[in-house]
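The values are calculated or read from the model by the stated rules, or taken from the named source; none is laboratory data. All of these numbers come straight from a predicted model, not from anything done at the bench. Backbone-built Cβ (ideal geometry, glycine too); neighbour counts: all protein chains shown. Side chains are part of the model used for accessible areas, which takes the heavy atoms of the whole protein and leaves out ligands, DNA and RNA. Shrake-Rupley method; radii C 1.70, N 1.55, O 1.52, S 1.80 Å.
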Amino acid sequence: MRNFSTWLLVCFMVMYWVFRIMVALMAQMHQNFIVQPFNATIEIILLFIVLVCLILIVKRKMAGALIYLIAYVMYFGSDVTTKITTLIEDSSQLGLNDYTALIISLIGIILPIAVLLDLLADKNRKAHPKDEKTDWFYKNEAYDRKLDDRADKNNYRTM
């Protein structure tokens, strides 16, 4: 995890995970909170799945990002589609709590997509790394030709 974007996404994931813990905890204590979980049992199971996915994402495993995306899209996707269709058809049916739940559900879908895109972009960087400290030596053909023209048999490369 060398990239600043990866650190930010992991921080947002942890903050959103803690927020969902508070949502589940308040629902179990029968307290009013900003939003209510759609299904408290699935919410608790999802919290444990996200904890495992968080560890996998920190270790840069693609499976963690895919599981994270699938779990959140399955949980929040139906709510987002119903609220958006209601918003398109008749926006007067939605109240302030519905808009808040829609925004939080949209965050729950956008965040895994961003994590997956970050991992995909990082896989490309990992496959084609660029190290400016050593590339001047190992990828400089003019330097290689100049040393080869000396006709000495010294091993000037370390690899």
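Below are the figures for this structure:
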item: The listed residue being part of a helix (DSSP H, G or I), free of Cβ contacts under 8 Å to residues at least 12 places away in the same chain, open to solvent by less than 70 Å² (accessible area, probe 1.4 Å) and over 30 Å from residue 121 (Cβ atoms), out of 22, 26; result: 26
item: Some residue of segment 83-93 being surrounded by fewer than 17 Cβ atoms within 10 Å (Cβ to Cβ) and in contact with a Ser or Thr (Cβ under 6 Å, 6 or more places away or on another chain); result: yes
item: Selection count, segment 53-78, where residues are open to solvent by 30 Å² or more (accessible area, probe 1.4 Å) and closer than 17 Å to residue 20 by Cβ; result: 7
item: Meets criteria (at pLDDT below 60 and either surrounded by 11 or more Cβ atoms within 10 Å (Cβ to Cβ) or among the polar types (S, T, N, Q) (or both)) for residue 122; result: no
item: Selection count where residues are of a type in the set (D, E, K, R) and under 17 Å from residue 110 (Cα atoms), scope segment 65-98; result: 2
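Here's the yes/no breakdown for (1) outside any helix (DSSP H, G or I); (2) closer than 28 Å to residue 5 by Cβ; (3) of a type outside the set (D, E, K, R); (4) over 20 Å from the mean Cα position of the chain (by Cα):
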site	(1), (2), (3), (4)
35	yes, yes, yes, yes
70	no, yes, yes, no
82	no, no, yes, yes
87	no, no, yes, yes
